[in-house]
Amino acid sequence: LAQRIKEDRFVAMQAMQQKHDTEQQLKQLELDSLDSAMHDPLTKMPNDSLLLARLHEWVRPNASDIPFGLVLMHFPQVREVGSSLGRATADALFCELVRSLNQILLSSDATLCLEEKNQAHLVVIEFGQVAFLCRDSESADRTRAFAEKIQSNYDNPFDVNNISINLDTFFGIAHYPAQGDCAEILLQHANASLEDAHRNGT
């Protein structure tokens, strides 16, 4: 009888441990799924979903009185390289652009960190387009001056896979709170500004 009780306890403990392990695995799968939903699959950098989450945190009422500038930056040649030199070269180009730009932003001390674990100061909006936030930006002109400084880093040909590629860069800016007091409006204004830059070729 004592042996039977011991065996039953062992079986019950095993079942409890298995249930606990299964619950932990499910939690990890949920976390992994959430992490994937917040990151670009190619560059592994945060995506527009994470940007929206951060913007919702920073522009809600009474969250902060500190202004900032939202900058969208577009590299149209990335898609053109995909058509002319192949997707692999375009992917390598965009990954290197994202890496180099994030490093520039990280060293500038003028932008907000969007994800601590990866020290990410930019997010990938789509293939060839990124966004970042300028901290303590008192005016749109100040944000524009910073964006132009960043843009100047790509005036010279960009090398990838032993190929030199000339890059055009366009950017659009929305300034909080002057040009929007919610995340969606800020993104709408920044996109409109970027489209205007494309139309005018500036």
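Placing a label point 7 Å from the Cα of residue 56 along the Cα-to-Cβ direction, none of the residues of the range 105-135 has a backbone N under 15 Å of that point.
Between residue 142 and residue 88, what is 0.36 nm times their sequence separation minus the Cα-Cα distance? Round to one decimal in nm. 15.7 nm is the gain from fully extending residue 142 to residue 88.
The charge dipole of the chain, taken about its Cα centre with unit charges on the Cβ atoms of Lys, Arg (+1), Asp and Glu (-1) only, comes to about 540 debye. This model, with +1 at the C-beta of Lys and Arg and -1 at the C-beta of Asp and Glu, gives the range 97-140 a dipole about its Cα centre of some 160 debye.
Counted by Cβ distance under 13 Å from residue 201, the other residues give a net charge of -2, where Lys and Arg count +1 and Asp and Glu count -1. Placing unit charges on the Cβ atoms only, positive for Lys and Arg and negative for Asp and Glu, gives the range 137-202 a dipole magnitude near 80 debye about its Cα centre. Note on residue 108 and residue 127: their simple-model spin labels are 2.6 nm apart, each label 7 Å out from Cα toward Cβ.
Amide H to amide H distances under 5 Å link residue 127 with no residue, where only residues 5 or more positions off or on other chains count and H is placed in the peptide plane. With the gyration tensor restricted to C-alpha atoms of the range 105-202, the semi-axes of the equivalent ellipsoid amount to 23, 18, 13 Å, longest first.
Applying a length cut-off of 30 Å (Cα extent along the axis) and a mean Kyte-Doolittle floor of -1.0 to the DSSP H helices of the chain leaves 87-108. Potential lengthening of the chain between residue 164 and residue 11 amounts to 48.5 nm, from the contour at 0.36 nm per residue minus the alpha-carbon distance.
Based on DSSP H segments of at least four residues, each scored -39500 (n - 2.57), the chain has a per-residue ellipticity at 222 nm of -18500 deg cm²/dmol. In this simple spin-label approximation, residue 96 and residue 202 carry label points 7 Å from Cα along the Cα→Cβ vector, and these lie 3.2 nm apart. Counting every pair of alpha carbons in the range 56-149, the share spaced more than 23 Å apart comes to 32 percent. Computing Rg and the Kirkwood Rh from the Cα coordinates of the chain gives a ratio, Rg/Rh, of 1.20.
Simple rule: put +1 on each Lys or Arg Cβ and -1 on each Asp or Glu Cβ in the range 78-163, find the dipole, and look at 107, 134, 157; the Cα lying farthest toward the positive end is 157.
Each value in this text was obtained by applying a stated rule to the coordinates, not by laboratory testing. Remember, it's a predicted structure, so these values are computed and weren't measured experimentally. We place every Cβ from the backbone using ideal geometry, glycine too, and count neighbours over all the protein chains shown.
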